[in-house]
1. With angles folded into 0 to 90 degrees, how steeply does helix 117-141 sit against the dominant principal axis of the chain? Use alpha carbons for both and round to 10.
2. Between helix 2-27 and the chain, what is the angle of the helix's C-alpha long axis to the longest principal axis, kept within 0 to 90° and rounded to the nearest 10?
3. Dividing the convex hull volume of the Cα atoms of the range 30-115 by its residue count, what figure in Å³ per residue is obtained?
4. In nanometres, what is the gap between the two model label sites at ALA14 and SER73, each 7 Å from Cα along Cα-to-Cβ?
5. Convex hull over the Cα atoms of the chain, averaged projected area in nm²?
6. Using modelled backbone amide H atoms (1.01 Å from N, in-plane), which distant-in-sequence or interchain residues come within less than 5 Å of GLN92's amide H?
Amino acid sequence: MPNRHARRQFQATAVVAAFFFMATVLAGCFNTYSLTPDEFARLQAADEIPLTVSAKSGDKVSVDRHTPIYVRSVGGRRYPVTAFNFKMTSSQLVASDRDTLLALGEIDNYEVDLFSDTQTILLISAGVAAVAGLIVITAVTAGSKSFDGN
């Protein structure tokens, strides 16, 4: 009976580890860059795509039609906006494809997320190493099983 319990516990641990591993792989890692309102306004429309904008940190950020961009409200909620498909007036931001209408006074930050290959690879490698370590520890600490009755 104790072996049956240990096996169930290992299976449950493996399922949880696999879930977190897959969630990490599917989500990936992103670097978030904050923009000034003027730089964000440049993303309303562009003659050339991708368009390079300057982040508050001084980094150059290349934005194309598939780059996730957001505005963060004063309350902290993050609203997705489609690049090159929104309108900023002197008083509001309108993203009709997202059914979003926000007063500019309610916007705290303008953000661009860029996928980070390096961070994602490191995170996946760490996950693989953790799972491999779990397998090795389980194999080393498992006792031998005999079926001859002794």
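1. So the helix axis and the longest Cα principal axis differ by about 10 degrees.
2. 20 degrees
3. Numbers: hull volume 7.7 nm³, N = 86.
For the range 30-115, the hull spanned by Cα atoms encloses 89 Å³ per residue.
4. If labels sit at ALA14 and SER73, their model points lie 4.6 nm apart.
5. The orientation-averaged projected area of the Cα hull of the chain comes to 13.6 nm².
6. LEU104
Each value in this text was obtained by applying a stated rule to the coordinates, not by laboratory testing. Just so you know, these numbers come straight off a predicted model, no measurement behind them. Neighbour counts are summed over all protein chains in view; Cβ atoms, including those assigned to glycine, are modelled from backbone coordinates with ideal geometry.
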